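Reading through the structure tokens given below for one structure.
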Amino acid sequence: MVGTFFEGETAILIASSLIYKGFFSAPLTILFAFAGSFVSDWLYYLIGRINGKLFIERRPKLHAKVLPVTNFFRENTIQILLTYRFLYGFRVIIPLVIGMSSIRPRQYLFYSIVSGLIWATTVSTLGFFIGKLFGISTAQIKANLPVILAGFGAFGLLFGFAIQRIVKHKMARV
């Protein structure tokens, strides 16, 4: 849960790659992955809701990224609400923007539950199949943790980079 709060994909991929060996339970892995991302999303949503403009104004790097994301969000609200968990590189900005938008907490609750469960289930399933394909064990993870973290991190970055390029291309048109 703590891992998905800070670095979602890497933590859930490592945990779910051990499901097939019986080290973790699939439903509990999905539940805890969802819970960590849910808490993180709501933290940034509430920051956006309560004091988003001041929070962003005090962070120049974040401020530069918010306007295009805000415009893109206005044009693609439902799509973003359902898929934002998969938009690597936008995880802090999107919940902040949603918090500063007209989306009320009850609406956001629905979408954050649905998108979080889809995300946790999808990434856990992928991790399970990676673990099964490579026969990953706890001993292998202990012995090769830096390599495994780098591999899953590289996969997440490549996947995120591809999604980010698509989103940025679409944001440029909005």
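The values are calculated or read from the model by the stated rules, or taken from the named source; none is laboratory data. Computed from a predicted structure; not experimentally measured. All Cβ positions, even for glycine, are placed from backbone atoms using ideal geometry, and neighbour counts span all protein chains on display.
Taking segment 85-99 as the range and being crowded, with 21+ Cβ neighbours inside 10 Å and either farther than 23 Å from Lys65 by Cα or not basic (Lys, Arg) (or both) as the test, the residues that pass are Phe90, Ile93, Ile94, Pro95, Leu96, Val97, Ile98, Gly99.
Of the residues examined, Phe72 is one that is closer than 15 Å to Lys168 by Cβ and either buried (at least 19 other Cβ atoms within 10 Å of the Cβ) or free of Cβ contacts under 8 Å to residues at least 60 places away in the same chain (or both).
All of Val114, Val39, Val92 fail the test of being modelled with pLDDT under 85, more than 15 Å from Ala15 (Cα to Cα) and in contact with a helix residue (DSSP H, G or I) (Cβ under 8 Å, 6 or more places away or on another chain), apart from Val92. Going residue by residue through segment 136-144, is there one that turns out to be within 13 Å of the chain's Cα centre (by Cα) and either of a type outside the set (S, T, N, Q) or crowded, with 19+ Cβ neighbours inside 10 Å (or both)? Checked segment 136-144: no residue is within 13 Å of the chain's Cα centre (by Cα) and either of a type outside the set (S, T, N, Q) or crowded, with 19+ Cβ neighbours inside 10 Å (or both). Considering segment 14-32 alone, what residues qualify as being part of a helix (DSSP H, G or I) and touching a Phe, Trp or Tyr at 6+ places or on another chain (Cβ under 8 Å)? Selection gives Ile14, Ala15, Ser16, Ile19, Tyr20, Ala26.
Residue count for segment 51-84 under the criterion of being in contact with a helix residue (DSSP H, G or I) (Cβ under 8 Å, 6 or more places away or on another chain) and in a helix (DSSP H, G or I): the result is 20. I'd like the full set of residues that are touching a helix residue (DSSP H, G or I) at 6+ places or on another chain (Cβ under 8 Å), among the aromatic types (Phe, Trp, Tyr) and at pLDDT 80 or above, limited to segment 117-174. Trp119, Phe128 - these are the residues of segment 117-174 that are touching a helix residue (DSSP H, G or I) at 6+ places or on another chain (Cβ under 8 Å), among the aromatic types (Phe, Trp, Tyr) and at pLDDT 80 or above.
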